[in-house]
Amino acid sequence: MPEPQPIVRVSIDLDQRSYPILIGHGLLGDSRTYAGLPSAESALIVTNTTVAPLYGERLRAALAPHYRKIHELVLPDGEEHKNWQTLNLVFDALLGHRCDRKTVLFALGGGVVGDMTGFAAASYMRGVPFVQVPTTLLAQVDSSVGGKTAINHPLGKNMIGAFYQPQLVVCDAETFATLPPREFSAGLAEVIKYGPIADMELLDWIDANLPALMAREPAALAHAVRRSCEIKAEVVGQDERESGLRAILNFGHTFGHAIENGMGYGKWLHGEAVGCGMVMAAQLSMRLELVDAAFVQRLTALIERAGLPVVAPRLPDSVAGESNADRYLALMRVDKKAQAGAIQFVVIDRPGSAAVRSAPDDMVRQVVDACCD
Ligand code: NAD
Ligand code: GLY
């Protein structure tokens with residue numbers, strides 16, 4: 001068999017918690033990808049009903065030389081299942097199979113499977129090793145990297161979780177072949193995000209190469225995944241637990257999480273909500289006189305060309321008589337960045353640079369009214 005050929009190996013540098021991200025074709029099904037992981041008798045593959053039939057057997061075969069026992073847990077698919085009940089199925093499987101504290105968990109799927117498996121790995125016996133095998137674009141460029149793990153709560157997105165780093169991230173470009181177009185566009189939102197917050201050259205490159213990306217050309221995708229992982233690695237390496245800088249990775253997420261929760265988990269995809277949330281956060285940046293209208297228009301046009309919604313939804317009220325803008329405000333007050341009830345927004349303070357700022361409620365209401373249908 002030819003040597004596995006990672007296009008690139010990006011390192012997350014966190015002292016003893018450092019690990020590589022391998023990016024290439026055919027890595028998932030190659031047993032050599034997993035050499036060098038901590039030795040263990042057993043492994044648990046956590047996946048879902050969509051991904052299991054596509055890639056479950058391939059991963060199981062690749063892990064066979066490394067583990068005497070390989071178990072598989074197939075979770076229900078969907079953001080609406082990213083909760084305690086589903087998380088508990090992972091603990092049921094771990095205990096039911098008598099997994100010990102060396103058992104390695106493999107998260108095979110998108111960000112939902114990755115976030116839940118990571119959280120289970122952080123908590124089972126106070127921490128067991130885990131590997132991210134992301135199979136969506138979004139998970140390869142963002143969620144599998146950096147150690148944020150979580151489940152949703154009915155009152156707030158990703159509110160229960162832990163920082164817990166994987167041992168390895170395996171980004172196999174072959175998994176893009178089966179990804180539905182809507183999911184692919186959702187992943188592009190997180191790729192685009194890295195431009196305005198950190199790298200205007202990347203934004204220029206995406207602008208010029210969006211047709212190649214949308215056509216899933218391997219070279220374009222390889223560049224997008226590599227550059228996204230490099231930027232994320234740089235940020236996480238400086239601020240693993242989000243005491244400051246790491247918050248910039250949440251550009252678009254404060255508005256986006258309000259959309260996801262307010263519409264009901266699963267109605268808007270995470271990447272769709274982030275794409276639209278970036279339009280709203282860019283509008284807010286303009287009202288704070290940090291960027292000009294041309295910048296906002298450029299970003300909005302790119303997000304729309306990527307197949308993402310740029311008009312925000314009106315949210316169903318929870319309290320009779322509550323305005324749409326007030327519903328957004330209420331949801332955004334339950335954000336992890338909020339301090340004493342004051343919402344903190346990630347804004348663009350100049351193209352290629354982001355900062356965290358508060359904004360007057362009236363200004364936020366104007367943004368919501370301007371962006372909603
Ligand atoms: P997802 O996990 O729901 O996957 C999207 C859909 O694609 C699912 O139906 C899944 O079964 C399916 N799928 C996965 N791989 C496939 C493949 N190769 N072919 C066909 N179908 C496939 O969603 P996502 O967009 O990957 O991740 C979103 C989640 O990630 C959200 O819960 C979000 O909060 C989280 N997230 C976490 C971080 C982090 O730092 N931890 C960062 C960004 C997002
Ligand atoms: N996606 C935000 C972060 O990882 O910090």
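Here is how the numbers come out for the structure above:
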quantity: Search result, residues across the stretch 243-270 that are out of contact with any Asp or Glu (no Cβ under 6 Å at 6 or more places or on another chain) and under 19 Å from LYS232 (Cα atoms); calculated: SER243, GLY244, ALA247, ILE248, LEU249, ASN250, PHE251, GLY252, HIS253, HIS270
quantity: Matching strands (runs of 3 or more DSSP E) fully within the stretch 101-169 where at least 2 residues are more than 7 Å from ligand 1 (Cβ to nearest atom) and surrounded by fewer than 23 Cβ atoms within 10 Å (Cβ to Cβ); calculated: 148-153, 156-163
quantity: Residue list for the stretch 21-48, filter: surrounded by 21 or more Cβ atoms within 10 Å (Cβ to Cβ) and more than 25 Å from LYS232 (Cβ to Cβ); calculated: ALA43, LEU44
quantity: Any hit, the stretch 58-71, residues being within 14 Å of ligand 1 (Cβ to nearest atom) and either touching a residue at least 24 places away in the same chain (Cβ under 8 Å) or of a type in the set (Gly, Ala, Ser) (or both); calculated: yes
quantity: Breaking point among (1) more than 16 Å from ligand 2 (Cβ to nearest atom); (2) within 22 Å of ILE303 (Cα to Cα); (3) of a type outside the set (Val, Ile, Thr), for TYR194; calculated: (1)
quantity: Per-region count, the stretch 170-198, residues in contact with a Gly (Cβ under 7 Å, 6 or more places away or on another chain), within 7 Å of ligand 1 (Cβ to nearest atom) and of a type in the set (D, E, K, R); calculated: 1
quantity: Segments classed as helices (runs of 4 or more DSSP H), wholly inside the stretch 204-322, with at least 2 members that are of a type in the set (Asp, Glu); calculated: 218-238
quantity: Verdict on LEU331 being in a loop (DSSP other than H, G, I, E, B) and touching a helix residue (DSSP H, G or I) at 6+ places or on another chain (Cβ under 7 Å); calculated: no
quantity: Hits in the stretch 18-47 (condition: assigned to a strand (DSSP E or B), closer than 28 Å to ARG227 by Cβ and either free of Cβ contacts under 8 Å to residues at least 40 places away in the same chain or not small (Gly, Ala, Ser) (or both)); calculated: TYR19, PRO20, ILE21, LEU22, ILE23, THR47
quantity: Residue among ARG241, ARG246, ARG305 that is within 12 Å of ligand 2 (Cβ to nearest atom), in contact with a helix residue (DSSP H, G or I) (Cβ under 7 Å, 6 or more places away or on another chain) and over 16 Å from ALA370 (Cα atoms); calculated: ARG246
quantity: Scope the stretch 334-362; condition among the aliphatic types (A, V, I, L, M), assigned to a strand (DSSP E or B) and under 23 Å from the mean Cα position of the chain (by Cα); matching residues; calculated: VAL346, VAL347, ILE348, ALA354, ALA355, VAL356
quantity: Matching entry among VAL334, VAL279, VAL347 (being in contact with a strand residue (DSSP E or B) (Cβ under 7 Å, 6 or more places away or on another chain), modelled with pLDDT of 95 or more and among the β-branched types (Val, Ile, Thr)); calculated: VAL347
quantity: Filtered residue count, the stretch 59-88, keeping only those that are of a type outside the set (S, T, N, Q), away from ligand 2 (no atom under 16 Å from the Cβ), buried (at least 18 other Cβ atoms within 10 Å of the Cβ) and assigned to a helix (DSSP H, G or I); calculated: 6
quantity: Meets criteria (more than 16 Å from ligand 2 (Cβ to nearest atom) and not in a helix (DSSP H, G or I)) for ASP92; calculated: no
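The values are calculated or read from the model by the stated rules, or taken from the named source; none is laboratory data. As the structure is a computational prediction, the values presented were derived from the model and not from experiment. Counting neighbours? That spans all protein chains shown, and the Cβs are built from the backbone with ideal geometry, glycine included.
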